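Notes follow the structure.
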Amino acid sequence: MRIVQLITRPQRRGAEIFAVQLAEGLRNLGHEVWVISILKGEDSLKFSGKMIQLGFEGFYRVDIKGFKKLAKELDRIQPDIVQANASDTLRYGVGVKYFVKRPFKLIYRNANTISSFIRNKGQFYFNRFLHSKVDGVISVSENSKKDYLKLFRPKSIEVIPIGIDPEEIESKLKQTKNQLNGEYLIFIGSFVPEKDPIALLNIFKLVLYGSPTLKLVYLGAGPQKVELEKKIKELDLSQSVILIPNLKNIFPILSKAKALVMPSKIEGLPGVILEAMYCKIPVIAYDVGGISEVLKSGETGELIEPEDSKSFEVAILKVLNASFIEIENITSSAKELIIKNYQMDQIVKKFELFHIQLIDQNSD
């Protein structure tokens, strides 16, 4: 098959990282794969195949010029499958259909709870039009699928989660040394409202009363950075909170954390949770999206009712005060779950099968 992975921009964000990993995996299975990024961005994603950067300045609802530029690339590639990966890639995947000479099957990768991003009737009807043009949908979790089906009626939909590559993680663990000292919690992700990094500061402030030497590390970037920095000063946390920009290799830092903390309001199934579980780092997260499909309180981590900040604080203290045996039991169970069900080579084959079935089904 000839497959195109459509991403927002070259950036170290979950959707883009997974799309490139998937492209790499499909390429290893013998398929011809291209990655096409729509917006300008720093070229920090490595792909052994062909990566095309269109370099658009911004997304537009109806971008005829952009659709035509993308169509020119697709006419040259002549793909069987185009997969739109999150953000606004879907509108370009749909828009380009009206300009290409050779038709292709369009897949939408539903990596979140989409209803959380539709706030008015105009958005709903526009999205309903876009999704009516999709040939197949791949949801990252059962909860994401249920949420999707409340809004749209896809021609074909299947749940295929994200995956991790144990060999790559083990290699990255050996590449660099962790420069952080002492005990710390870690937040990894974009500084955006749906990830709620600012609310985490209020929880951490309370945790500090019992663990005054503890640090909170934010690893990421995003539009809320200035607001986050302001809140850190307001709460007098400058000596206890560390901000680190996006890194190509997060594992030396992640693997030494006391816990990964995820106070997100909206999620699909974040890859960083799987990575932490593989590294045997306790995970504490709100029960949103598909997180409950991997995280079970007292078994593979700590799952908290959404917006229950007091229980989140208690869960952090529970992990900090747990014995080695208690932590070992939970993290070993978590790692076993990931190895059994979420290895990247298993996930890639599921995507491949979905692609083949979609092409065969539509050629009958």
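The values are calculated or read from the model by the stated rules, or taken from the named source; none is laboratory data. Predicted model, so just to flag it, every value in this text is computed and none were measured. All Cβ positions, glycine included, derive from the backbone under ideal geometry; neighbour counts span all protein chains shown.
Does the range 213-235 include one or more residues that are farther than 21 Å from residue 321 by Cβ, touching a strand residue (DSSP E or B) at 6+ places or on another chain (Cβ under 7 Å) and in a loop (DSSP other than H, G, I, E, B)? Yes, the conditions are met somewhere in the range 213-235.
Among the residues of the range 173-182, none qualifies, meaning not one is crowded, with 18+ Cβ neighbours inside 10 Å and touching a residue at least 24 places away in the same chain (Cβ under 8 Å). One residue stands out in the range 9-19 among those that are under 13 Å from residue 163 (Cβ atoms) and buried (at least 21 other Cβ atoms within 10 Å of the Cβ): the one that is farthest from the chain's Cα centre (by Cα), namely 19. Of the strands (runs of 3 or more DSSP E) lying entirely inside the range 60-171, those containing at least 3 residues that are of a type in the set (A, V, I, L, M, F, W, C) and either closer than 16 Å to residue 38 by Cβ or in contact with a Lys or Arg (Cβ under 6 Å, 6 or more places away or on another chain) (or both) are 81-85. Of the residues making up the range 208-235, those that are of a type outside the set (Gly, Ala, Ser), closer than 22 Å to residue 250 by Cβ and in contact (Cβ under 8 Å) with a residue 24 or more places away in the chain are 214, 215, 216, 217, 218, 219, 223, 224, 225, 228, 232.
So for the range 106-118 (the condition being touching a helix residue (DSSP H, G or I) at 6+ places or on another chain (Cβ under 7 Å) and more than 26 Å from residue 190 (Cα to Cα)), does at least one residue qualify? Yes, some residue in the range 106-118 is touching a helix residue (DSSP H, G or I) at 6+ places or on another chain (Cβ under 7 Å) and more than 26 Å from residue 190 (Cα to Cα). From the list 38, 3, the one residue that fits, being touching a His at 6+ places or on another chain (Cβ under 9 Å) and in a strand (DSSP E or B), is 3. Specify the residue that is farthest from the chain's Cα centre (by Cα); the eligible residues are those in the range 91-103 that are under 12 Å from residue 73 (Cβ atoms) and crowded, with 19+ Cβ neighbours inside 10 Å. If we take residues in the range 91-103 being under 12 Å from residue 73 (Cβ atoms) and crowded, with 19+ Cβ neighbours inside 10 Å, then 100 is farthest from the chain's Cα centre (by Cα). For the range 19-60, the set of residues classified as at pLDDT 95 or above and basic (Lys, Arg) consists of 27 only. Out of 63, 88, 80, one residue alone is at pLDDT 95 or above, among the acidic types (Asp, Glu) and crowded, with 17+ Cβ neighbours inside 10 Å. It is 80.
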